[in-house]
Amino acid sequence: MKKNDPSPTKDHEYLAKLQAYYAGHRVIPSYSRLMEILGFASKSAIKKVLERLEAAGMLERTPDGDWAPSDLFFERAIANHPVSAGTPASVADEPCEKVILDRFLIKNPSQTVLVRVKGDSMINAGIHNGDLAVVERRSHADPGELVVAIIDDEFTLKTLGHDKVGFHLIPANPHYLIIRPQGKLEIFGIVVGLVRKYP
């Protein structure tokens, strides 16, 4: 049985269903489809929900008048207590800080690219084959920083080092040697984050 009156107290449920649909289809569904998803009998009920979500900052209107997700739509909660890798810790049911992952990882969008990692030379730095490195484009780096560098016309991700011989690139795997450039060493960017998806 379909409802006619959307309850403001259930807006978080309506938002969750909208987010789930968006994750699968990358669009805000039509009013007719939303009636099915949220279980309402009228488009006016859907309009009320969408307008409340807009007022809460979760949705916005495009110049063409279509509904679109705002930045807040993509917020995710951060638990107040860090997870223990040792003895289990109690979890309190309290309000959580929220974060938008794109904003958390990327400070300068126009200067930032994602680079897929290939190989295991940085495994002891926690960087695995297949990870996405979040790289902020810069032409300068300090020793000790994780960098994507172009060395002898090839890209590589390593820690930048410097000694009396000069700049070099340090792997984080004892099976690999320090790389000293035979020619030019150019900094492509600094690694500012890492993304890994588990199966």
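No lab work stands behind these numbers, since they all come straight from the coordinates. These figures come from a predicted structure and were not determined experimentally. Cβ sites come from the backbone with ideal geometry, for glycine too, and all protein chains shown count toward neighbours.
Structure notes:
- Selection of trypsin sites (Lys or Arg not before Pro), the stretch 162-199, meeting DSSP coil and at most 10 other Cβ within 10 Å: Lys164, Lys184, Lys197
- Aspartates and glutamates with Cα under 17 Å of Lys158, excluding same-chain neighbours fewer than 8 positions away: Asp120, Asp131, Glu136, Asp142, Glu145, Glu186
- Projecting the Cα atoms of Tyr14, Gly57, Ala77 onto the charge dipole of the chain, computed from C-beta unit charges around the Cα centre, puts Tyr14 farthest toward the positive end.
- Calculated mean residue ellipticity at 222 nm for the chain: -6000 deg cm²/dmol, from DSSP H runs with n ≥ 4 weighted as -39500 (n - 2.57), summed, divided by the residue count and rounded to 500.
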